[in-house]
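Student: Here's a structure for you.
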Amino acid sequence: MSNLAVLPIIIPLISAVILIFFNQKVKVSRALSKLFSLISLGTSSYITWYVFTNGTIILETGDWLAPYGIILVMDGLAAILVLTTNIIAVACAFYAPNAGLEKRETFYFYPFFFFLITGVSGAFITGDLFNLFVFFEVLLMASYGLIVLGGGKVQLRESLKYLLINLFSSMLFVTAVAFLYAVVGTVNMAQIAQRVQEVEQQGILTTIGILLFFVFATKAALFPLYYWLPKSYIVPNPVISALFGALLTKVGIYSILRVFTLIFVHKTDMTHEMFIWIAGLSMIFGVIGALSTSNIKLIIAYNIIPAIGFIILGIGLLNQDGISGSIYYLINDMIIKSVLFLLVGVIAYVAGTSDLRKMGGLIHYYPFLGWLLFVSALVLAGLPPFSGFIGKLLLLKGAFEQGEIAIVIIGLITSLLILYSVVKIFINGFWGDKETMAELPKKSTKGLLAPVVGLLALSVILGVGAEFFYPHIESIATYLLDPEIYIDSVLKE
Amino acid sequence: MEIITSILAGVLFATAIYNILQKQLLRIVIGTALLSHGAHILILTMGRLKTGQPPILTEGISDYTDPLPQALILTSIVISFGVTSLLLVLAYRTTKENNTDNMEQLRGNENE
């Protein structure tokens, strides 16, 4: 059954290749992409069930034994993240035909979409540091293709910056892998972890760890490396923004979570202490960015940064509650960010502008849309009983246990400001005079809201049904906190 | 030999960073190409440079060349070729659309 681990990579890859052939036939492409994303979701659901009942799946590709061959490790963390990715992929596949992509759909939108899913799933599953780099490149290549679709003046300009910053950090990634290879003589993550443990992470190893952190922090948009994110994420179509906001930065933060719970865990006073400060600064600067603008897309894009801050806080704490909180918040944030990007896309579409100062009174025409936005604002800010609350509660509890009172206060204030920044869209856009938007033609939101409602419902279930989900998350956290389990399961000693 | 290639990688990195920090778009593209060359030479150096040894470890052979860095470089070269060609096309299109190749003018203003 170990071949199961490769399916989340293979299925989107084959789907993408098939969709290239139907590029000009938009209707066929749409139907096929919906079908393929559902197949992929079904498979990953089964894999998640299998992993949680039978334990980690390890695939040694081509029967080359670990640590010599490339291995794929489908453990609990990888399984739930792949499942979440596929859920978002389904929602986006159903949203895309109505998203106003128009001609862009025939410019290989669907193949790029599935290549992106391939890269993201691969990055979650792989057990090899160099392979992680390769899957990063797969998903980045697809994202370069997606971000330039349409090719307006502004879009090209921002895509160029996005490409340059990612190219630079990828090359640093290769350099860091080269250094690590010179020191420990392997690129297999389990064996690196084992060898780093043997020498207790002495000397240059911590430096290499921080170099790797720098690379992943650039991809994850942490303070002070987030400057490239907000403007480049708002230029493409909303469905593409939703994919980027939900998946790309999360792959970066997943890599930090993996590397700094498995490999570099022996000098926590140098690395993990620093994460807590970076978490606090990311929260503050991200939320200031969100408050500073009246462009609704930019508000949501800036809100990615404090969310990443919350997740890195748990990694910095490196205790049971912190890691569980990080995982819970990671899943919650993947879902809610795609909801918000899609919703803001609908609002910008019906209002004809993304500038808040030109909006008002939309609730008279689109009441359902307004209340959806309001509920998702509550989820994002982490009000009970929604899923954001569970994650934040665990994170702040973990911070209290470590005696990090300052970060708890920063976290709480940030949550309040996040709520304000999104409710601002509701207040300025939806309240107010009915007349402001009276001249606008009433547009149909048919087909746009169903995927959003689905994702939002899932987010509410994650919060209300925490009793059911939490034990699984907790078991993953216990698993991550003991690197021995990972090492033993891969190297079979 | 390792020392010399390490210095070469360092020089490549330094020139790459210098070029990336320029305002002209083409210089930035050249800078990224140099950066990838520097990274590749670094990988090669990190696997120890040996000549004349087989890349296979069997019984009776104590001295062998490590084949892994070459495999890593090959993968990385292919990727950086792909990205560089995409970057060139993107830079060309951006220059055409925006009528400038100066990064200062490609900054964009807040209210658009």
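Student: Right, residue A:460: in a helix (DSSP H, G or I), open to solvent by 20 Å² or more (accessible area, probe 1.4 Å) and either in contact with a Lys or Arg (Cβ under 8 Å, 6 or more places away or on another chain) or under 18 Å from residue A:84 (Cα atoms) (or both) or not?
Tutor: Numbers: in a helix (DSSP H, G or I): yes; open to solvent by 20 Å² or more (accessible area, probe 1.4 Å): yes; either in contact with a Lys or Arg (Cβ under 8 Å, 6 or more places away or on another chain) or under 18 Å from residue A:84 (Cα atoms) (or both): yes.
In short, yes.
Student: For the range A:289-333, which residues satisfy the criterion of being open to solvent by 10 Å² or more (accessible area, probe 1.4 Å) and under 25 Å from residue A:87 (Cα atoms)?
Tutor: Within the range A:289-333, A:297, A:298, A:302, A:331 meet the criteria.
For every residue, the table says whether it meets (1) among the basic types (Lys, Arg); (2) within 30 Å of residue A:308 (Cα to Cα).
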| site | (1), (2) |
| --- | --- |
| A:354 | no, yes |
| A:368 | no, yes |
| A:374 | no, yes |
| A:380 | no, yes |
| A:389 | no, yes |
| A:397 | yes, yes |
| A:402 | no, yes |
| A:431 | no, no |
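Student: Of B:74, B:106, which residue is in contact with a helix residue (DSSP H, G or I) (Cβ under 8 Å, 6 or more places away or on another chain) and either more than 7 Å from chain A (Cβ to nearest Cβ) or outside any helix (DSSP H, G or I) (or both)?
Tutor: The unique qualifying residue is B:106.
Student: Can you tell which of A:478, A:445 is open to solvent by 60 Å² or more (accessible area, probe 1.4 Å) and of a type in the set (S, T, N, Q)?
Tutor: One residue alone meets the criteria, A:478.
Student: Next question, about the same structure. Which residues, counting only those in the range A:277-288, are of a type in the set (A, V, I, L, M, F, W, C) and open to solvent by less than 10 Å² (accessible area, probe 1.4 Å)?
Tutor: A:279, A:283, A:287
Student: If you don't mind, another one. Only one of B:44, B:57, B:26, B:88 is open to solvent by 60 Å² or more (accessible area, probe 1.4 Å) and without any contact (Cβ under 8 Å) to a residue 12 or more places away in the chain; which?
Tutor: None of the other options fit; the residue is B:57.
Student: Can you say whether residue A:391 is under 18 Å from the mean Cα position of the chain (by Cα), small (Gly, Ala, Ser), assigned to a helix (DSSP H, G or I) and under 20 Å from residue A:469 (Cα atoms), as far as the supplied structure shows? Step through it out loud before you land on a result.
Tutor: Values: under 18 Å from the mean Cα position of the chain (by Cα): yes; small (Gly, Ala, Ser): yes; assigned to a helix (DSSP H, G or I): yes; under 20 Å from residue A:469 (Cα atoms): yes.
Here the answer is yes, as residue A:391 does meet what is asked.
Student: While we're on this one: Does residue A:115 count as in contact (Cβ under 8 Å) with a residue 40 or more places away in the chain, more than 15 Å from the chain's Cα centre (by Cα), open to solvent by 10 Å² or more (accessible area, probe 1.4 Å) and closer than 23 Å to residue A:39 by Cβ?
Tutor: The answer is yes for residue A:115.
Student: Also: Any residue that is in a helix (DSSP H, G or I) and within 14 Å of chain B (Cβ to nearest Cβ) - is there at least one of those in the range A:98-112?
Tutor: Yes.
Student: Quick one: residue A:185 ticks every box in (1) away from chain B (no Cβ under 14 Å); (2) at positive phi; (3) open to solvent by 10 Å² or more (accessible area, probe 1.4 Å) except a single one, so which number is it?
Tutor: Exception for residue A:185: condition (1).
Student: Does residue B:80 satisfy being part of a helix (DSSP H, G or I), out of contact with any Leu (no Cβ under 7 Å at 6 or more places or on another chain), facing chain A (nearest Cβ under 9 Å) and among the small types (Gly, Ala, Ser)?
Tutor: Yes: the conditions hold for residue B:80.
Student: Got a number for residues in the range A:33-66 being in contact with a Gly (Cβ under 9 Å, 6 or more places away or on another chain), assigned to a helix (DSSP H, G or I) and surrounded by 13 or more Cβ atoms within 10 Å (Cβ to Cβ)?
Tutor: Total satisfying the criteria: 4.
Student: Something else: Which numbered condition trips up residue A:413, out of (1) buried (at least 23 other Cβ atoms within 10 Å of the Cβ); (2) of a type in the set (A, V, I, L, M); (3) at pLDDT 90 or above?
Tutor: (1)
Student: Counting just the residues of the range A:226-270 that are in contact (Cβ under 8 Å) with a residue 24 or more places away in the chain, hydroxyl-bearing (Ser, Thr, Tyr) and out of contact with any helix residue (DSSP H, G or I) (no Cβ under 6 Å at 6 or more places or on another chain), which one comes out surrounded by the most Cβ atoms within 10 Å (Cβ to Cβ)?
Tutor: Looking at the filtered set, the residue picked out is A:254.
Student: Another question, then. Take residue B:7 and decide whether it is at pLDDT below 90 and out of contact with any helix residue (DSSP H, G or I) (no Cβ under 9 Å at 6 or more places or on another chain).
Tutor: no
Student: Among the listed residues A:125, A:147, identify the single one that is of a type in the set (Val, Ile, Thr) and more than 30 Å from residue A:4 (Cα to Cα).
Tutor: None of the others qualify; the one that does is A:147.
Student: Looking only at the range A:188-202, decide whether some residue is open to solvent by less than 30 Å² (accessible area, probe 1.4 Å) and either among the aromatic types (Phe, Trp, Tyr) or within 10 Å of chain B (Cβ to nearest Cβ) (or both).
Tutor: no
Student: A further question on this structure: Every residue in the range B:47-71 that is away from chain A (no Cβ under 11 Å) and within 19 Å of the chain's Cα centre (by Cα), please.
Tutor: Scanning the range B:47-71 gives a single hit, B:70.
Student: Also, I was wondering about something else. Return yes or no: is residue B:34 within 12 Å of chain A (Cβ to nearest Cβ), free of Cβ contacts under 8 Å to residues at least 40 places away in the same chain, in a loop (DSSP other than H, G, I, E, B) and farther than 24 Å from residue A:132 by Cβ?
Tutor: Against the criterion (within 12 Å of chain A (Cβ to nearest Cβ), free of Cβ contacts under 8 Å to residues at least 40 places away in the same chain, in a loop (DSSP other than H, G, I, E, B) and farther than 24 Å from residue A:132 by Cβ), residue B:34 does not qualify.
Student: Check residue A:135 against each of (1) within 14 Å of another protein chain (Cβ to nearest Cβ); (2) in contact (Cβ under 8 Å) with a residue 24 or more places away in the chain and name the one condition it does not meet.
Tutor: Unmet condition: (2).
Student: Let me ask something additional. Could you please tell me which pairs satisfy a Cβ distance under 8 Å, a separation of 6+ or placement on different chains, a first residue in the range A:147-160 that is more than 7 Å from chain B (Cβ to nearest Cβ) and on the phi > 0 side of the Ramachandran plot, and a second residue that is in a loop (DSSP other than H, G, I, E, B) and open to solvent by less than 20 Å² (accessible area, probe 1.4 Å)?
Tutor: From the range A:147-160, the pairs are A:150/A:236; A:150/A:237.
Student: Could I ask something else about it? For residue B:74, are the conditions met, namely being touching a residue at least 40 places away in the same chain (Cβ under 8 Å) and open to solvent by 80 Å² or more (accessible area, probe 1.4 Å)?
Tutor: Considered against the rule, which asks whether it is touching a residue at least 40 places away in the same chain (Cβ under 8 Å) and open to solvent by 80 Å² or more (accessible area, probe 1.4 Å), residue B:74 comes out as no.
Student: Looking at the range A:204-225, which of its residues are part of a helix (DSSP H, G or I) and open to solvent by 40 Å² or more (accessible area, probe 1.4 Å)?
Tutor: A:204, A:207, A:210, A:211, A:214
The values are calculated or read from the model by the stated rules, or taken from the named source; none is laboratory data. All of these numbers come straight from a predicted model, not from anything done at the bench. When we count neighbours, we look across all protein chains shown, and the Cβ atoms used for this are built from the backbone with ideal geometry, even at glycine. Areas reflect the complete protein model, heavy atoms only, side chains present, ligands, DNA and RNA absent. Shrake-Rupley method; radii C 1.70, N 1.55, O 1.52, S 1.80 Å.
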